[in-house]
Amino acid sequence: MSDPLTLAEIKDYGVDVFCWCNRCSHNGVVEIELLIAHCGPLLSFPSVHGLLRCQACGSKDIAARPNWRGLGVVARHDPANGSERHLSLRQAAHRPVRRQ
Ligand SMILES: [Zn+2]
């Protein structure tokens with residue numbers, strides 16, 4: 001396979017990051033711009049895993065993947081349901097970032 005994606009490359013695709021807690025199955029979408037603000041644009045995507053913490057159970061065992069659209073099985077990024085607030089960076093202030 002090719003080299004891991006960087007956060008900047010994921011942003012270029014226009015997608016956010018879907019996260020899943022391996023302990024309690026809590027899940028949510030973290031905005032890519034929030035990750036870049038805290039981790040820098042050149043962080044490789046696999047490194048994101050160690051930076052996330054579940055807000056439901058506190059576990060750091062978080063799976064993350066780009067929230068590709070059109071896969072069907074991926075939760076849609078719907079601002080109305082607030083799902084992007086369910087998970088946040090360990091040190092991040094709650095600061096929803098709105099595109100557009
Ligand atoms: Zn959890």
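The values are calculated or read from the model by the stated rules, or taken from the named source; none is laboratory data. No experiment lies behind these values; they were computed from the predicted model shown. Because the Cβ atoms are built from the backbone with ideal geometry, glycine has one as well, and the counts that use them run over all protein chains shown.
Scan region 1-39 for residues that are among the basic types (Lys, Arg) and either within 16 Å of the ligand (Cβ to nearest atom) or surrounded by fewer than 17 Cβ atoms within 10 Å (Cβ to Cβ) (or both) and jot them down.
Arg23
If we scan region 40-53, do we find a residue that is in a strand (DSSP E or B), within 16 Å of the ligand (Cβ to nearest atom), of a type outside the set (Gly, Ala, Ser) and at pLDDT 90 or above?
yes
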